[in-house]
Structures are given as C-alpha cells and as structure tokens.
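See below for the structure under consideration.
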Amino acid sequence: MPGELTSESVPDVPSPSTNPVGAVAAAVLAATAGVVATAVWGRALLRDGAELFVSAPPFAGSWEWRWPLGMWAVVVLAVSIVVLWPEVVRAARWGALLVGSLAVSLAWTAALASSAGGGVADPLLTRFEYLPYARRVGSPSQLLSHWVERLPDAPTHVQGHPPGTVLAFLGLDRLGVGDTAAGWIVLVLGASAAPAALIAMGHLAGRDTARRAAVFVGLAPAVVWAGTSVDGAVMGVVAWATAAVAIAVTAEERAVAVGSGLASGLLVGSVATATYGAPALVVPWAVLLVWALWRRRPVPVVAAAAGVLVPLLLLAAAGFDWVGGFEATRAAYRAGVASVRPSGYFAVANLAVLAVAAGPATVAGIVGLRDRRVWMLVGGAVIGALLADLSGLSKGEVERIWLPLVPFLVVGTAGLRGDVPRRAWLGAQLAVAVVLQAWLRSPW
C-alpha cells in the first residue's frame, strides 16, 4: 500500500549523518538544562509568594521520595524490557510486533500505576474525578440539557470538560462494570496508543521506519501519568483516530478511504465531546488531512469531516451546547487559578514538562529525524503543543492534559540508529519514569 516499504526489516547501522553525536548531545543537554532552569525558576517564584498552585514546579504534585516494595518489581520489569524488547522488535513479524507493543506498554504502565500497592482504579475514584460523579448524575438527558448550570457543583475535572467522559463512565456503570474493570479499560486504552502510532507510521513512512520507533513507542516517561488519569484513555482514542486517517489518506481503494476516514472522524468527534482542547490535541490528525488535500485526495477529508460532526450533533440534539459549555468553562478557568498563575512561567514550564514526558530518547531521535512523512506526525504534535501553550488555557498540569500529543513526539525516535544506542536510550526512558514514580507525588 502507498507509503509502506516492501521489506520487513533493513540493516540498522549507525549513520553519522542521521545521528550527529554533537547535535544529539547538545539537544539533550539543552532540554535537561531547560527542565532544571524551570524547576529553579519555579522554586524562586514560590519563595517570592507567587501562586503557582503546584508544589513541585514545573510539575503538579510534590517532591517526596518513596520506595515501596512494588518499585522493585518495576525495576526488574524495566531491566527485562531493556534486555528483551529490542530483540523482539527486531525479529517479530509486523502483526506480532503490534500486539507486543500493546502488551509491553500495558505491563509497564500497570506496573508503575500499582507500584505503591493500590488498585489500578484508585486514581479514578477520588472526589475530583468523573467516575464517582457519573454514578450520581441520574438522567443523561437532564445532565446534557442542564450541563452549564450543573458545573458549579461538579468535581474539578468534570468542570473543565464537555460531558462525553461522564457519559462514558455512566454507560459503563449502567452495564455493571466495576471499579477495577473501569481502571483496566482506561489502562488498555492508553497502552493501545502504542500500536496505533505504529500503524500510522507504517502507512505513512513504511514498516521499517515504524519498527525503528517501536522500541520506544508506549514506553515514554509519560506513562507515569497515563496509567493514573482519564487523559491516558483520550491519548489512546486520539492515536487510533490518527491511525485511521493515515490508512484513509494512503488507501487506493475508495471504500477503504471512506470507511477509515469516517472512523477517524467519529473518534475525533468523540474526543471533542471529552475535552475542549481537542483542536490542539488532534493536530497530527489534521495535518494528514491537509496532506491529503495537497495531494488532491478529498474523499478521506470529506469522510473524516462528516464523522467529526456525528458525535457533536448527537449531543446537541440531546441538549448540550458545546460552544456554550466551552465559554462557561473558559470563563470559570480564567476566574480561577489561571487568573493568578503567571503566564510567562507556565508558557516555558509547559514545554519543559512535555520534554520530560516524551523523554530523552525522543529529543535525541528528533535531532536525527530526516523522514518527512514521520515529520508530519512529529511536527503536528509540536504545533499542537504550541497552540495549546499560546492559548493561555494550559497553565500547568500539562503532563496529564497533553498526553495525546506524546505518542506522536515519540515516533521521532525513528531517527535513532544502531542497536546499542537505542538500548541505552530505552534504558534512559525507563529510568526517568522510575525516578518520577518514586520521587514525584502526583495528584493523578
């Protein structure tokens, strides 16, 4: 199919032109220095009495080193992944690789999420979250038609989003899905972003290129937050929407282009019912549609646009005003913590947090990335982050909010060559996650 290479694998040898050591070192050191600088700057602001509403700037949460027994299992799993996973990626057939990427990402995310001994659903059951609220909302039609009026009495996370996530949890509850099962559904959706990102890469740039990124996709430090927040599930949905549109824009058969485009639009429309930040979070998806128009292939674009409208129109028919909800949420946000959080600091700190979430291997890989089709995904994620940053609606907590952008930054690791360097970078990715899990007490 278009965009795919015909061979399953190619010799993977170091390439000075692809990985200039000096440029890689400079980029990683600059990113590290930026993170340290924002941490120092944030501490200085706190000492001066600034209201950041974060105690571990640039991250939400607090610094408190803990090493429960479960962390030893995490370390053992990390070592096993570094030793075994690159070999599996190199030798496995494509279908097995996709399944393996889901399994490895799920195992790593679940291990981190449960390392302190709690259940995987515990983060979903606090008073700030959707699930407890969904269980007491009563009639879905009443919820939708009176959404704005009910916002003041809703939990914090519910106040900042459209009702799609509440409806999803309400549906699970009505089906008899318990807490633990709901937690695993969120985990699986988040981990499924790994194979989805690889499918998108495979259709755009070929399976050989996707295979080079497969060592890292799904294992970025972002999994520390993906396994403990609903935003991880949104990450999975956005990734599958992007995979579907990649299939649509590269398909020769009209039926495939229409079906995949429609599916991608339905998923993006569903994301728009779950977060007002959807326009920024789905930029990689939008970039592929623009590329299709540039190639004079309007069929998948029309199908995708039609799909986006369906979930939004269904909610509108049930009484929910998306624009009115957004305006009410924006007004409440700007009247709340956003009114005192310093814009200049968070404009920089947000990007530092995103760099940590994507991990050092991502920074190193992007420096050497030369494949223009992979750059459509990476560049789309960068543009999405900048749009969200400049909007002023993302002052802090982006380690959770911007999760859907992370898989399409991590695909930039396709720019890394050579088995030994990639194994070392994989170890660095997992080590950052271990340190964050042990040291940062995140609210999610």
### Message
Report the Cα centroid-to-centroid distance between region 123-195 and region 381-444 in angstrom, as an integer.
### Response
25
### Message
I want to check the label-to-label distance for A33 and D48. Put each point 7 Å from Cα in the C-beta direction and report it in nm to one decimal.
### Response
2.2
#### Entry: Chain lengthening between E253 and A316 when straightened (0.36 nm per residue, less Cα-Cα)
19.3 nm
### Query
From the backbone phi of region 246-256, what are the Karplus-calculated ³J(HN,Hα) couplings (6.51 cos²θ - 1.76 cosθ + 1.60, θ = phi - 60°) in whole Hz, Gly and Pro given as x?
5, 5, 5, 7, 10, 6, 7, 7, 4, 4, 5
### Query
In whole Hz, what ³J(HN,Hα) sequence does region 115-130 give by Karplus (6.51, -1.76, 1.60; θ = phi - 60°), x for Gly and Pro?
5, 8, x, x, x, 5, 8, 3, x, 8, 10, 6, 5, 8, 9, 6
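I need the calculated FRET efficiency for the pair L387 and T156, taking r as the beta carbon distance and R₀ as 22 Å, to the nearest 0.05. Before the final figure, lay out the partial values.
Numbers: r = 24 Å, r/R0 = 1.08.
Taking R0 as 22 Å, the efficiency between L387 and T156 is 0.40.
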### Message
Using amide H atoms built in the peptide plane, which far-off residues or other-chain residues are under 5 Å from A56 H to H?
### Response
G61
### Query
Among 251-263, 196-208, 336-348, what's the highest-first ranking by average C-beta atoms within 10 angstrom per residue?
196-208, 251-263, 336-348
### Query
Among T165, Q429, V249, whose Cα lies farthest out toward the positive end of the dipole of the chain, if unit charges sit on the beta carbon of Lys, Arg (+1) and Asp, Glu (-1)?
V249
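Taking 41 Å as R0, compute the FRET efficiency from the Cβ-Cβ separation of V420 and S343 and round it to 0.05. Mind dumping the intermediate values first?
Working: r = 43 Å, r/R0 = 1.06.
Step by step, r from the Cβ atoms, then E = 0.40.
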### Query
Size of the dipole of region 21-441 about the Cα centre, Lys and Arg at +1 and Asp and Glu at -1 on the beta carbon, nothing else charged, in debye to 20?
840
### Query
Using the beta-carbon distance between V40 and A331 and R0 = 35 Å, what value does 1/(1 + (r/R0)^6) give for FRET efficiency, to the nearest 0.05?
0.55
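How much net charge surrounds V337 when only the other residues with a Cβ under 11 Å from the Cβ of V337 are counted, with Lys and Arg +1 and Asp and Glu -1?
Summing Lys and Arg as +1 and Asp and Glu as -1 gives +1.
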### Query
What ranking do S105, S264, S139, S391 get, fewest neighbouring Cβ atoms within 10 angstrom at the top?
S139, S391, S105, S264
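Any read-out appearing in this document is the output of simple, stated calculations on the displayed coordinates, not a laboratory observation. Given the structure is predicted, the values throughout are model-derived calculations rather than measurements. With ideal geometry, Cβ positions are generated from the backbone for all residues, glycine too; neighbour counts draw on all protein chains shown.
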